[in-house]
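Only one structure is covered here, and it is reproduced in the block below.
Each reported figure results from applying straightforward, stated rules to the coordinates on display, with no laboratory input. Worth saying up front: this structure is predicted, and the values here are computed from it rather than measured. Cβ placement follows ideal geometry from the backbone for every residue including glycine, while neighbour counts extend to all protein chains displayed.
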Amino acid sequence: MTDNLRGSLMMVLAMLGFAFEDSFLKLAAKLMPLGEVLALMGLIGMALFSALALRKGAAPLPRSILSRTMALRSASEVVGRVFYALALALTPISQASAILQATPLVVVGGAALLFGEKVSLFRWLLIVAGFAGVLIIIRPGVEGFSALSLLAVAGLLGFAGRDLATRAAPPALSNAQLGVAGFLMLALSGLILVTLNGGPAAISPLALAYTCGAACFGVAAYAALTSAMRTGEVGVVTPFRYTRLLFALIVGYTLFGERPDALTLIGSAVIVGCGIILLSQGRSR
């Protein structure tokens, strides 16, 4: 199995896990404040990844975690996690996930600018066309536009920055250590939101169960994503993120009764179409 194939398979598994994480997070946010959901998810994720690191004889938070690259990764993690969680809580899961599919466009472009990976003019045009698909979904300036959809846009920019920083992270850091750092920032973000909202509220057993489910799927997906981004070429592995949209549409339809409108489906098709062509271009290259 080649590195590109291994990384692609890990990316598909990560997207499936994130789809389940999103559904549990949305269910939990209906029963308790979002800040508490994020704080608990962060603490559970930290505990699980710390156990994985200790099992391999590594410190959960080594000194190298304090590098500039990791600082940028942590800041991007906060932006991505918080804004996307808000988008999940306040907008349809299918729409938020559709907008998030533009993340690979940013990552491929960023890999060209930051890491020197070759991206042809045709692939740049595909990236631009993919962003046009995002505009179709959020439909700025027309009837049906919701400013809440911009939360998902802010989230995708944060996640793209995180993925690029993951690519540049010190090789000595294991996937488990990167996971500890990522969920630490998630926990801190949640605690900040809890403080701004006047303190914690009571937690029901069902809300706690949903939060634990979100954390467990999130840890599994996070580990798979980190492994995918550190295996193979970014331009080949990243387009497999588009499988998340399929999983999100299924989850939104079955669990939340969502019916995406025509513009959302058209915009999603544009983004996915660009991703498929980007994938084929990456393979031929």
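For Y253 and L196, the difference between the fully extended length at 0.36 nm per residue and the C-alpha to C-alpha distance is 17.2 nm. Placing unit charges on each Cβ (+1 for Lys and Arg, -1 for Asp and Glu) gives the chain a dipole about its Cα centre, and among G80, S174, F159 the Cα reaching farthest toward its positive end belongs to S174. Remark: relative contact order (region 152-285) = 30 percent; criterion is Cα-Cα distance under 8 angstrom and separation of 6 or more residues. If R₀ is 25 angstrom, what is the calculated FRET efficiency for the pair F122 and L9, using the beta carbon separation as r and rounding to 0.05? Once rounded, the FRET efficiency stands at 0.40. Dipole magnitude for the chain: about 640 debye, using +1 per Lys or Arg Cβ and -1 per Asp or Glu Cβ, origin at the Cα centre.
Here the Karplus curve 6.51 cos²θ - 1.76 cosθ + 1.60, taken at θ = phi - 60°, turns the phi angles of region 38-48 into couplings of 5, 4, 5, 4, x, 5, 5, x, 4, 4, 5 Hz, with x standing for Gly and Pro. Once divided by 2.2 N^0.38 Å, the Cα radius of gyration of the chain becomes 0.96.
Direction-averaged projected area, Cα convex hull, region 18-144: 10.8 nm², rounded to one decimal. In this rough spin-label picture, where each label sits 7 Å from Cα along the Cβ direction, the A132-T2 distance is 3.1 nm. Descending by average beta-carbon neighbour count within 10 Å, the peptides 101-110, 73-82 line up as 101-110, 73-82, the highest first. Across region 19-103, the relative contact order, built from alpha-carbon pairs under 8 Å that are at least six residues apart, equals 41 percent. Each Cα pair under 8 Å and six or more residues apart adds its sequence gap; the mean of these over the residue count of the chain is a relative contact order of 43 percent.
Once the Cβ-Cβ distance of L208 and S146 is raised to the sixth power relative to R0 = 30 Å, the FRET efficiency obtained is 0.45.
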